[in-house]
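Input: a single structure, listed below in structure tokens.
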Amino acid sequence: MTSIGGVEMVDWKLAVTTASRLARPGPEITREEAREVVAELRGHAVAAEEHVRAFTGMTTAAGHDTPVLVVDRPGWIEANVAGFRSLLKPLMTKMRARRGNGPGGMIAGAVGGKVTGVELGVLLSFLSSRVLGQYETFAPATRELPGAPDGGGRLLLVAPNIVHVERELGVDPHDFRLWVCLHEETHRTQFTAVPWLRDHLEAEIQAFLAETDVDAGTLLERLSDAVQAFTGGRRGESAEPSATGTATDTATATASETAPGARSGAHAPEQDIDGRSLVDLVQTPAQREILARVTAVMSLLEGHADYVMDGVGPQIVPSVVEIREKFQRRRAAGANRLDQILRRLLGLDAKLRQYRDGERFVRAVVEEVGMEGFNRVWTSPNTLPTAAEITHPAEWIARVHRGPEA
């Protein structure tokens with residue numbers, strides 16, 4: 001837990017241990033069935049790549065290909081903790097410097113780091129059973145979890161969660177697995193075909209973190225709020241425990257399930273039942289501006305993936321209509337009290353809106369200027385849609401296609 005120059009503000013190893021220990025076991029499946037699922041997901045990922053490229057006209061830039069990994073829940077946890085640790089390193093350094101390197105600060109940091117590690121672990125254990133796939137944009141490569149040669153980028157497919165949902169929905173498992181891979185492969189294509197996109201997002205997020213003026217106690221309080229909601233409610237109010245079946249995978253789950261996409265994305269501020277959320281770290285006008293830009297990009301990425309999945313699906317997934325209808329009903333089914341609290345606290349309500357708003361933007365632009373015209377969105381950061389343009393696609397078309405530089 002120690003590091004050069006002081007004590008880590010988060011015990012990352014303890015976060016992994018806690019989350020892995022608390023993560024629920026996956027669905028019952030034989031070893032042979034598990035091997036078949038892994039092999040099929042890998043095959044579908046390869047097939048999906050060709051279909052996505054043909055539909056979108058996007059191709060991977062030379063030297064920017066990234067691996068596809070089929071993981072279990074502990075593997076997803078390990079990857080996400082590594083990503084968090086890498087992305088938040090500047091903020092952790094800033095918070096450690098504020099606390100100081102004296103004996104008192106070191107002791108407080110050691111204790112706080114362990115507590116925060118446990119808190120983060122509890123949250124990740126909850127989310128680990130709800131994510132079907134995820135493109136890890138800023139993932140440092142390890143021996144167990146390889147990444148792109150430049151140190152970032154890999155696609156994770158969470159096999160036990162995919163099997164759980166396909167069984168719950170009662171859909172054809174082979175079709176469902178390909179359907180999921182279409183969405184996730186679109187995210188992988190976005191970042192491998194547009195190399196500047198990763199650097200642009202990282203610069204925005206680091207600028208956001210540089211503006212953050214929060215001490216370790218405040219950050220710990222946010223995490224404690226979430227864990228209290230998870231384990232027993234707040235202010236003496238008990239949250240309903242998760243049950244098996246659809247009650248365990250409701251709106252909070254589906255906000256992350258189909259495609260968390262580039263996990264680096266931020267969400268628009270959402271409030272929990274006490275008027276606070278983890279994204280209340282947004283404090284300055286500069287942060288709000290950055291967050292609006294990042295949210296617009298994430299809406300674009302999520303909406304584009306949904307649009308591609310729906311566009312390609314009918315050609316290669318025979319039961320796509322049934323899958324889509326059942327999944328949409330599941331997404332709209334509502335949430336029990338536990339999921340409502342966590343959804344608001346984590347700001348995941350915003351992700352559902354990202355799917356809807358982003359998909360409407362992509363559809364409207366493609367209908368007006370075609371896929372080739374839409375792909376001008378990937379030209380540079382200047383051609384990305386603003387938050388206003390996401391909800392008013394005609395404004396983006398006017399600026400990019402009919403402006404003075406068009």
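Quick note: the coordinates plus some simple rules give every number you see, no bench work behind them. Because the structure is a prediction, the values reported are computed rather than measured. Heads up, the Cβs are rebuilt from the backbone with ideal geometry, glycines too, and the neighbour counts pull from every protein chain shown.
Between ARG402 and GLU322, what is the FRET efficiency for a Förster distance of 41 Å, r being their Cβ-Cβ separation, to the nearest 0.05? Numbers along the way, then the final one.
On the way: r = 41 Å, r/R0 = 1.00.
The pair ARG402/GLU322 has a calculated efficiency of 0.50.
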Subject >> Segment GLU289-GLU36, length gained on full extension (0.36 nm per residue, minus Cα span) >> reply: 86.4 nm
Original post:
Between GLU28 and GLU144, what is the label-to-label distance in nm when each label sits 7 Å out along the Cα-to-Cβ direction?
Top reply: 2.8 nm
**OP:** Select from PRO146, HIS174, VAL131 the residue farthest towards the positive end of the dipole of segment 119-187; place +1 on Cβ of Lys and Arg, -1 on Cβ of Asp and Glu, and compute about the Cα centre.
**Re:** PRO146
**OP:** For ARG329 paired with ALA388, estimate the spin-label separation in nm (one decimal), with each label point 7 Å from Cα along the Cα-to-Cβ line.
**Re:** 4.2 nm
Original post:
If you count, for each residue, the other Cβ atoms within 10 Å and average over each peptide, how do 287-300, 315-328, 37-50, 126-139 line up from highest to lowest?
Top reply: 126-139, 287-300, 37-50, 315-328
